[in-house]
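*Asks:* Have a look at this one before I ask anything.
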C-alpha cells in the first residue's frame, strides 16, 4: 500500500455508582477519564496525544431518564467515536479545523419503548451547549437496543434488556 501505517489508541477508565431510592426511581453517576495517543510513524492529525473527562448524572424514573453530562477534552480525538466530542473536524466543508480545548454541557431526555424481552427502542432529545463557543444546539435520536439472542431467534433462552 502507498499509505503509511496509522496506529491510534483510545482508552477510558470509569466508575459508575447507582442508588435506587424508590420504586422505578434511581440516581446514577458516571465518571470517565479518557485518553488518546497517535503512535503512527507519519501522523495525519494535529494532536499526538490528548485527554478528556466525561461526567454524567442520570435521574431514572418510571417514564423517562434525565441525564446531565459534562465533557472536557484537551487535544482529544477518538477516530471511531462521536463527532461531537472530537477536537478535529471530520467534515468535507472544513477538514482542517481543530479545537484543542473542547467543553460541552449536555442534557438528555431518554425514553425506552419495549419491543420484546430482548429489544427496546430508545428515543432521545439532546440539547447541547458548547461552553467555549457559547452556542446551543440540539439533536434527536432513535436507537434500537437488543441482545444478540434477539437476532438469533433463541426464543427459549431470551433475557430481558437491562439484566
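*Asks:* Among the candidates 121, 136, which residue alone is surrounded by fewer than 12 Cβ atoms within 10 Å (Cβ to Cβ), part of a strand (DSSP E or B), modelled with pLDDT of 90 or more and more than 17 Å from the chain's Cα centre (by Cα)?
*Replies:* Working: 121 fails: surrounded by fewer than 12 Cβ atoms within 10 Å (Cβ to Cβ).
Criteria check complete, one pass: 136.
*Asks:* Can you find a residue in region 70-77 that is surrounded by 14 or more Cβ atoms within 10 Å (Cβ to Cβ), part of a strand (DSSP E or B), in contact (Cβ under 8 Å) with a residue 24 or more places away in the chain and touching a helix residue (DSSP H, G or I) at 6+ places or on another chain (Cβ under 7 Å)? It would help to see each step written out before you state the result.
*Replies:* Taking region 70-77 first, the residues surrounded by 14 or more Cβ atoms within 10 Å (Cβ to Cβ) are 70-77.
Right, trim to part of a strand (DSSP E or B) and you get 70-74.
From the residues that got through so far, the ones that are in contact (Cβ under 8 Å) with a residue 24 or more places away in the chain too are 70-74.
Going one step further and asking which of them are touching a helix residue (DSSP H, G or I) at 6+ places or on another chain (Cβ under 7 Å), we end up with 71, 73.
The answer is yes; a qualifying residue exists.
*Asks:* Moving to a separate point now. Within region 81-99, which residues are without any contact (Cβ under 8 Å) to a residue 12 or more places away in the chain, within 11 Å of the chain's Cα centre (by Cα) and in a loop (DSSP other than H, G, I, E, B)?
*Replies:* Matches in region 81-99: 82 only.
*Asks:* For region 16-27, check the following and say yes or no: at least one residue is surrounded by 14 or more Cβ atoms within 10 Å (Cβ to Cβ), closer than 27 Å to residue 125 by Cβ and touching a helix residue (DSSP H, G or I) at 6+ places or on another chain (Cβ under 9 Å). Show your work before the answer.
*Replies:* As a first pass, look at region 16-27 and keep what is surrounded by 14 or more Cβ atoms within 10 Å (Cβ to Cβ): 26.
Among the residues that remain, those that are also closer than 27 Å to residue 125 by Cβ are: 26.
From what's left, touching a helix residue (DSSP H, G or I) at 6+ places or on another chain (Cβ under 9 Å): none.
Scanning region 16-27, I find no residue that is surrounded by 14 or more Cβ atoms within 10 Å (Cβ to Cβ), closer than 27 Å to residue 125 by Cβ and touching a helix residue (DSSP H, G or I) at 6+ places or on another chain (Cβ under 9 Å), so the answer is no.
*Asks:* So, in region 90-133, how many residues would count as being over 28 Å from residue 148 (Cβ atoms) and out of contact with any strand residue (DSSP E or B) (no Cβ under 9 Å at 6 or more places or on another chain)?
*Replies:* Residues that pass the stated criteria total 6.
*Asks:* What number goes with the only condition from (1) surrounded by fewer than 12 Cβ atoms within 10 Å (Cβ to Cβ); (2) under 25 Å from residue 70 (Cα atoms) that residue 130 does not pass?
*Replies:* (1)
The values are calculated or read from the model by the stated rules, or taken from the named source; none is laboratory data. All values reported here derive from a predicted model rather than from experimental measurement. Neighbour counts are summed over all protein chains in view; Cβ atoms, including those assigned to glycine, are modelled from backbone coordinates with ideal geometry.
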